[in-house]
Amino acid sequence: MDTAETTITTATARNRAGTVSVRTTEQGLPVDLHIDQSELRYGAAQLAEQIVSLCRRATLEAAALHREELAGRGMPEGLLNRLGLPTHDDVQRARRDDARTAGSPSVTGW
């Protein structure tokens, strides 16, 4: 039996201060979380919202990295698009959107 090597693509997202960081897989599964003690003073709701937002951003970045890996192995762009894998431009656009809406009330959810 031939065993294929399985690679899990992950990415890390941090808040501006670097006091909260989350590493997720491209499917959005958090695999590492760091919360600086100073962040606890803002309360659970705000911290949870920040963690969910960082999970979304890290997931998008990990998926874009996976797209890049597959493209490097020769997968056609049309197929990558059909898989719904984001590009690095999509990641940059999401970062700009996050920066514009920072501080605005938002709905949280996974």
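Values quoted throughout were computed directly from the atomic coordinates according to the rules given, and no laboratory measurement underlies them. The structure presented is a predicted model; accordingly, all values stated were derived computationally and were not measured. Cβ atoms come from the backbone with ideal geometry, glycine included; neighbour counts cover every protein chain shown.
Would you mind giving the average projected area, over all directions, of the Cα convex hull of the stretch 1-64 in nm² with one decimal?
5.2 nm²
Each other residue within a Cβ distance under 15 Å of Thr101 adds +1 if Lys or Arg and -1 if Asp or Glu, for a net charge of +4. Computed packing ranks the peptides 7-16, 26-35 as 7-16, 26-35, most packed first, by mean other Cβ atoms within 10 Å. Compared with the alpha-carbon gap, the fully stretched path from Thr19 to Leu79 is longer by 17.8 nm at 0.36 nm per residue.
The protection proxy used here, the mean number of other Cβ atoms lying within 10 Å of each residue, ranks peptides 79-86, 60-67 as follows, highest first: 60-67, 79-86.
If you take the alpha carbon atoms of the stretch 37-93 and fit the smallest convex hull around them, that volume is 94 Å³ per residue.
The P(r) of the chain has a tail past 23 Å containing 35 percent of all C-alpha pairs.
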